[in-house]
Each structure stands twice: as structure tokens, then as C-alpha cells.
Amino acid sequence: MTKPVFRFAPSPNGHLHLGHALSALLNARAAVALSGRLLVRVEDIDQARCTPGLELEMFEDLAWLGLTWDEPVLRQSESFPQYRAALERLQDMGLVYPAYLTRAEIRKHVAGFEANGGGWPRDPDGAPLYPGDAAVLSGRDIAERADSDAPFALRLDMKQALERIGRPLTWLEAGAEGEALFDPAVPVTADPAAWGDVVLARKDTPTSYHLSVVVDDARQGITDVVRGKDLYHATSVHRVLQELLQLDAPVYRHHRLILGEDGRKLSKSNRDTSIRSLREAGMSHAELRRRIGL
Ligand code: GLU
């Protein structure tokens, strides 16, 4: 049997928080328990927010956590050619289109619709589904934007993608914690249509989270993804891209989230739960493990 390969894939766009500590340590625990390997991937495609300084501090935090991993570390900012190649394959299938509406225009269109008593579908993260350029702009406006320097996103035509795949998709979900690591994986039905036409790339960036995560999980031979429940529904999109690009799907384990004192999901801007500020305030490794329930 081939050895399982795990990965911890943080984005250095802020300081790591307790949720990242849980993810990192669960990955490490699973890799040991299943005699697998653990890789680290730096998800830094957002070059405006991810800085070398934050990356350095991230590695300091991981060292303090006692995390060890196999080299090499994959850095997404060094992998744009691979993402571009995957994007081109999807473009060649006729499944990608340029979308010119700005976020503000989408918001305004949806708000107008809702003000008139209409419901508007939202994706599992709560963002309105893309209405399509033609719902808001005239043919002339669209042509003008296409001819100009206007920003655009490249979106997946989800309906056509699903027609091309032609069958329902599932993924294998196994327990994420403790003994549950050894639970048999069960198939979960994916619901990619709930996401609508997701963004695959932008004018200045040849990729997006969804595209790069799928390309990299395959490139790194990841067999087992352990990550937070906040990405559970995103797996539906990942399955579509894996299917279109003919990539093997890993087994997924989505773990509980650590909530802040206010009961809300932690965010990187939440200073009091960053690993860094907690250790600077004197929290020991053992206390941190207790705080995250390990
Ligand atoms: N980079 C993502 C994050 O920091 C995690 C992506 C993943 O595990 O699929 O939230």
C-alpha cells in the first residue's frame, strides 16, 4: 500500500490563529498514526496580502508548535505556470468565460432584486451567485469593457461543466479527530451547483484558491486532506475541477472549528487568538493544546 500524504496549507496573509494550530496538529497526528508523510504548502497567491515577513513569522509559529514536515515546501506564488496550464485546459473545453461585473455591481443588482421582493440564490459562504454580465450590462457595455483595460474574472460555467461530467459527484469523508481518524471513509454527495459560476482566475492572477488547491493536491500526491469544516462545501467545487482535469481525489477529513470567545469563527485579524500573541503573553504549549481540545 502506498503511504498516505498529508498537507498543511496555510496562507501567510496574517498571523496563524488557534484554528490553524488545530489543523496543523491534526495533520501531524494523522500522518504519524497512519505512517504517512506531512507536507507544508504556502498558499500565497494573494501577493498583495501575503508578505515574506508574515511567511517568516508563520514558520516561527509552526516551529514553536513543534510541527515537523517533509521538504520541499511548495510555494504557490512560484507555481503560476502550472495553474495557467490547468486554466488553459478548462478554457480549451469551452468552460471558462470572462466576467466583467464588479463586486459593487453584483451587490447592487442583487439588492435591487431583493428590494422588489425577489429571492437571490447565495453560495454556501453566503455570497450571491453571479448574475451574468448580460443581466446588468448592455451588449455594448460588455464589448467596451472587453476592449478596454477593465478588470475581469474568469469564471467556470458550472452548468456546462456539470453537463460535461454528466453524473453526480461524491467525495470520501472520514473522521478528522482522535479515534475517528480510523473511521472508514463514507461517500458524501457533492453539490457544486450551489456555488454557481465560481471564479477560477482574475485579470492579474492566473488562478484562484479553488484552482490552485486542486492542482497542488494532485501535484504533491496528497492522499488525505485534513482541514477545517469551513472548507467542507468548497470540496464540491474541488471535485468538479478534479473531474474535469482528470486528477485523483484525496480522502477528506473536515475538522471542527475553534470559535472565539464571542462564539464566532476566528479570523486572522483577531489579534487575541493568534498563536503569536498567545505565546508572547506566556501561554505554554500544553495550555495551547488544552485550549484547542487536543
Ligand atoms: N489556505 C487555506 C487557509 O489557510 C486552506 C486551504 C485548504 O486546506 O484547502 O484557510
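Legend: calculated FRET efficiency, Y97 to D46, from the Cβ-Cβ distance at R0 = 22 Å, rounded to 0.05, equals 0.45. Annotation for region 230-294: GluC sites (Glu not before Pro) lying in DSSP loop with at most 15 further Cβ atoms inside 10 Å of their Cβ are E261. In the chain, a dipole from Cβ-located charges (positive for Lys and Arg, negative for Asp and Glu) runs towards its positive end, and of V188, Y100, Q47 it is V188 whose Cα lies farthest in that direction. For the chain, the relative contact order is 24 percent, taking Cα pairs closer than 8 Å that sit 6 or more residues apart in sequence and dividing their mean separation by the residue count.
Dipole magnitude for region 17-85: computed about the Cα centre from +1 point charges on Lys and Arg Cβ and -1 point charges on Asp and Glu Cβ, it is near 280 debye.
Residue by residue, region 41-51 carries 3J(HN,Hα) couplings of 10, 8, 8, 10, 5, 7, 5, 6, 9, 8, 10 Hz when phi is fed to the Karplus relation 6.51 cos²θ - 1.76 cosθ + 1.60 (θ = phi - 60°); x denotes Gly or Pro. If you count the DSSP beta bridges with both ends in the chain, what percent of them are antiparallel, to the nearest 5? Bridges in the chain that DSSP calls antiparallel: roughly 50 percent. If you take the Cα centroid of region 223-256 and the Cα centroid of region 1-21, the two points sit 14 Å apart.
Here is the size of the chain from its Cα atoms: Rg then Dmax, 20.3, 63 Å.
Ordering L247, V225, V198 by Cα displacement along the dipole of region 151-294 toward the positive end leaves V198 in first place; charges were set at the Cβ atoms of Lys, Arg (+1) and Asp, Glu (-1). Per-residue ellipticity at 222 nm from helix content only, as computed over the chain with -39500 (n - 2.57) for each DSSP H run of at least four residues, stands at -11000 deg cm²/dmol. Within straight-line reach of K159, meaning a Cα separation under 14 Å, sit the following aspartates and glutamates at least 8 residues removed in sequence or on another chain: D191, D197. Rounded to the nearest 5, the antiparallel percentage of DSSP beta bridges internal to region 1-154 is 30%.
Loop only per DSSP, at most 13 neighbouring Cβ atoms within 10 Å: give me the trypsin sites (Lys or Arg not before Pro) in region 125-185, ordered by residue number. Those that pass, being in a loop and sparsely packed, number zero. Centre-to-centre, using Cα atoms only, region 159-214 and region 49-102 are separated by 17 Å.
The fraction of all Cα pairs in region 90-158 landing in successive 5 Å bins from 0 to the largest distance is 3, 15, 23, 25, 18, 12, 4, 1, given as whole percents.
Relative contact order for region 84-175: 40 percent, from Cα pairs under 8 Å spaced at least 6 residues apart, divided by residue count.
None of the figures in this text is laboratory data; all of them are computed from the coordinates on show. Everything quoted here is computed from the prediction, not taken from an experiment. Note: ideal-geometry Cβ built from the backbone for every residue, glycine included; neighbour counts use all protein chains shown.
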